Amino acid sequence: QKVGEGCRTVPLAGHVGFDSLPDQLVNKSVSQGFCFNILCVGETGLGKSTLMDTLFNTKFEGEPATHTQPGVQLRSNTYDLQESNVGLKLTIVSTVGFGDQINKEDSYKPIVEFIDAQFEAYLQEELKIRRVLHTYHDSRIHACLYFIAPTGHSLKSLDLVTMKKLDSKVNIIPIIAKSDAISKSELTKFKIKITSELVSNGVQIYQFPTDDESVAEINGTMNAHLPFAVIGSTEELKIGNKMMKARQYPWGTVQVENEAHCDFVKLREMLIRVNMEDLREQTHTRHYELYRRCKLEEMGFKDTDPDSKPFSLQETYEAKRNEFLGELQKKEEEMRQMFVQRVKEKEAELKEAEKELHEKFDRLKKLHQDEKKKLEDKKKSLDDEVNAFKQRKTAAELLQSQGSQAGGSQTLKRDKEKKK
């Protein structure tokens, strides 16, 4: 059922009090405070930090980046600002080392990964059973200020590729940095050239909303001034009787807040004073919703089934759970079969090894038996030789004793004959 169908408009007989809801909402929002996150993308030395200091009329802490970075790094700093009774938690993310490498092919990847990481963190918080979104620090990027070098010719390929990769993830506001480096006529042609290149390459930059009648006229006018040509300076000079932010040159003075000199005032009006809430809303309703939808579709969640019927979250969860269990059982069966196969292979290897051991044992046993038999035969032959030797020895001794006895008897006979 669509909103408004079946509803009747009835008059009130007197004052009820729900006309104070806007005031209640304002009071609650003011007490909770607001957050706003800005991503500054641009080459080193284009004045990103100076412009942030100038925009918020303060001095943010930070070390100047060098041109010796091996890759692109994102540096995030969060500050608590207070203006009147309104508190703002401002996060400024700068791209350190962007455009300083010889090979710039992958310079955009760390930026895309950082933006996706903030979306993922918010999605994980949103999907928790016990959510604390009212106190959660929203780190999603609400605005991307893309700093374009004042070459006066055309956009660099790095700028086009990076903005094309970012336009579906963040609100891009292109600005020409250090615009006092080129003449006014060159600046006008440069703006036209940038706009035509963005259109021809299909890059979607943030357009200030014109659906609200209170800001439609000024936003429509400011859309025609994009990209803004800005100058930043924290130095105050005395011009006339007033102290104003300006840049002093040998040929004259460039006033930051003078609309005849640059578009800084236009940028501040559009970014902070008029469209800050729309930037926050666009981030949530457009860019985050796109990321959330793609992420949930990757996880298998859909709004409708193949028959175009509504799909409930529980049914999707059950279907995904059953699919996961099926895959798990299939993988378990594959692992079991693989285990059984490996066990069989191992058993075959062990049996083969056991067979080889038995054969080796039999060979060694037979060899041992043969050696033993040879030793026994040799021992027998030696014993026979010893016995034969003993017999010969005995016979020799016997013959020797008989010979000695015979010799003795003959000597006695000769002695007797001599005596006679």
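Filter segment 171-192 for residues that are closer than 19 Å to residue 38 by Cβ and either assigned to a helix (DSSP H, G or I) or open to solvent by 60 Å² or more (accessible area, probe 1.4 Å) (or both) and give the result.
Taking segment 171-192 as the starting set, the residues that turn out to be closer than 19 Å to residue 38 by Cβ are 171-178.
Listed by number, the list holds a single entry, 178.
The residue of segment 65-85 that is modelled with the highest pLDDT, among those that are of a type in the set (Val, Ile, Thr) and out of contact with any strand residue (DSSP E or B) (no Cβ under 7 Å at 6 or more places or on another chain), is 68.
Go over the candidates 56, 36, 60 one by one and state the one that is under 22 Å from residue 137 (Cβ atoms), open to solvent by 30 Å² or more (accessible area, probe 1.4 Å) and aromatic (Phe, Trp, Tyr).
Numbers: 36 fails: open to solvent by 30 Å² or more (accessible area, probe 1.4 Å); 60 fails: open to solvent by 30 Å² or more (accessible area, probe 1.4 Å).
Sole residue among the options that is under 22 Å from residue 137 (Cβ atoms), open to solvent by 30 Å² or more (accessible area, probe 1.4 Å) and aromatic (Phe, Trp, Tyr): 56.
Filtered by the rule that a residue be touching a residue at least 12 places away in the same chain (Cβ under 8 Å), within 28 Å of residue 161 (Cα to Cα) and not polar (S, T, N, Q), segment 198-215 gives 198, 202, 203, 205, 206, 208, 209. The set of residues in segment 124-159 being surrounded by 15 or more Cβ atoms within 10 Å (Cβ to Cβ) and farther than 19 Å from residue 45 by Cα consists of 138, 139, 140, 141, 142, 143.
Let me confirm something: among 113, 120, which residue is farther than 25 Å from residue 196 by Cα and open to solvent by less than 80 Å² (accessible area, probe 1.4 Å)? It would help to see each step written out before you state the result.
Details: 113 fails: open to solvent by less than 80 Å² (accessible area, probe 1.4 Å).
Going through 113, 120 in turn, the sole match is 120.
Selection within segment 193-215: residues that are at pLDDT 90 or above and of a type in the set (Gly, Ala, Ser). The member of this set that is most open to solvent (accessible area, probe 1.4 Å) is 200. All of 81, 133, 160, 123 fail the test of being part of a strand (DSSP E or B) and hydrophobic (A, V, I, L, M, F, W, C), apart from 81. Is one or more of the residues making up segment 262-276 within 20 Å of residue 229 (Cα to Cα) and among the acidic types (Asp, Glu)? Checked against the condition, which is being within 20 Å of residue 229 (Cα to Cα) and among the acidic types (Asp, Glu), segment 262-276 yields at least one hit.
The values are calculated or read from the model by the stated rules, or taken from the named source; none is laboratory data. Every value quoted in this text rests on a predicted model; they were computed, and no experiment measured them. Note that we place each Cβ from the backbone using ideal geometry, even for glycine, and neighbour counts take in every protein chain shown. Each accessible area value is taken on the protein alone, full model and side chains, heavy atoms only, with ligands, DNA and RNA left out. Shrake-Rupley method; radii C 1.70, N 1.55, O 1.52, S 1.80 Å.
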